[in-house]
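Student: Got a structure here, written out as structure tokens. Questions coming.
The values are calculated or read from the model by the stated rules, or taken from the named source; none is laboratory data. Note that this is a predicted model, so its numbers are computed, not measured. Neighbour counts are summed over all protein chains in view; Cβ atoms, including those assigned to glycine, are modelled from backbone coordinates with ideal geometry. Just so you know, the surface numbers come from the protein's heavy atoms only, side chains and all, with ligands and any DNA or RNA stripped out. Shrake-Rupley method; radii C 1.70, N 1.55, O 1.52, S 1.80 Å.
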Amino acid sequence: MKVQVLVIADCPSAAPTMTRLRTALDAVGLGSVPVEEQLIESRDDATRFAFAGSPTILIDGEDLFPGASRTTDLACRVYPTASSLAGWPEVEAISAALTASLDGARDSAPNSAEGSVPGAPGGAV
């Protein structure tokens, strides 16, 4: 699993996002997964990545919160919270999105021929 946080220079939401992401990864049992902070410095960088404003969390190249539109503008991003909008997602929202992403990856993974039970989800025995 590749985890990236796309940020623009001097983004005030980068550090809180990294902290919350690390907490969420720990909560879902992925505490050992490294997190890469990717600096977006140009429109070309924004085009190359699935950038939807700073910060954008990517899991294997896909936006963890895919509702936002991609942009080439070096701009901030806001996330809905329980009470308003914020520059970073809440830990609970990140954890839920990670869990959904993991469940989706398991559902779409082909069953392994060795040690699997035909028809069992994700090749479970």
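Student: Along the Cα-to-C-beta direction of Met1, a point sits 7 Å from the Cα; which residues of segment 58-75 have their amide N less than 18 Å from that point?
Tutor: Residues 58-66 qualify, since their backbone N sits under 18 Å from the label point.
Student: Also, quick follow-up: Through the Karplus equation 6.51 cos²θ - 1.76 cosθ + 1.60, θ set to phi - 60°, convert the phi angles of segment 90-97 into ³J(HN,Hα) values in whole Hz; use x for Gly and Pro.
Tutor: Here the 3J(HN,Hα) series is 6, 3, 4, 5, 5, 4, 5, 5 Hz.
Student: So for each of 77-90, 52-65 I average, over its residues, the number of other beta carbons within 10 Å; can you give me the resulting order with the highest mean first?
Tutor: Values: 77-90: 15.3, 52-65: 19.5.
Ranking the peptides 77-90, 52-65 by packing returns 52-65, 77-90.
Student: What percent of all Cα-Cα pairs in segment 13-54 falls into each 10 Å bin, going from 0 up to the bin containing the maximum distance?
Tutor: With a bin width of 10 Å, the distribution comes to 25, 42, 28, 4.
Student: Using a probe of 1.4 angstrom, how much of the accessible area of segment 10-53 is carbon and sulfur, in percent? Please report the intermediate quantities before stating the final value.
Tutor: Details: 1150 of 2380 Å².
The nonpolar share, carbon plus sulfur, comes to 48 percent.
Student: What's the extension gain from Glu90 to Val28 if we count 0.36 nm per residue and subtract their Cα-Cα distance?
Tutor: Numbers: separation 62, 0.36 × 62 = 22.32 nm, distance 1.44 nm.
Using 0.36 nm per residue and subtracting the Cα-Cα distance, I get 20.9 nm.
Student: Report, in debye and to the nearest 20, how large the dipole of segment 1-99 comes out about its Cα centre when Lys and Arg carry +1 and Asp and Glu carry -1 on their Cβ.
Tutor: Numbers: 7 positive and 13 negative charges, 21 e Å.
Taking the Cα centre of segment 1-99 as origin, the dipole is about 100 debye.
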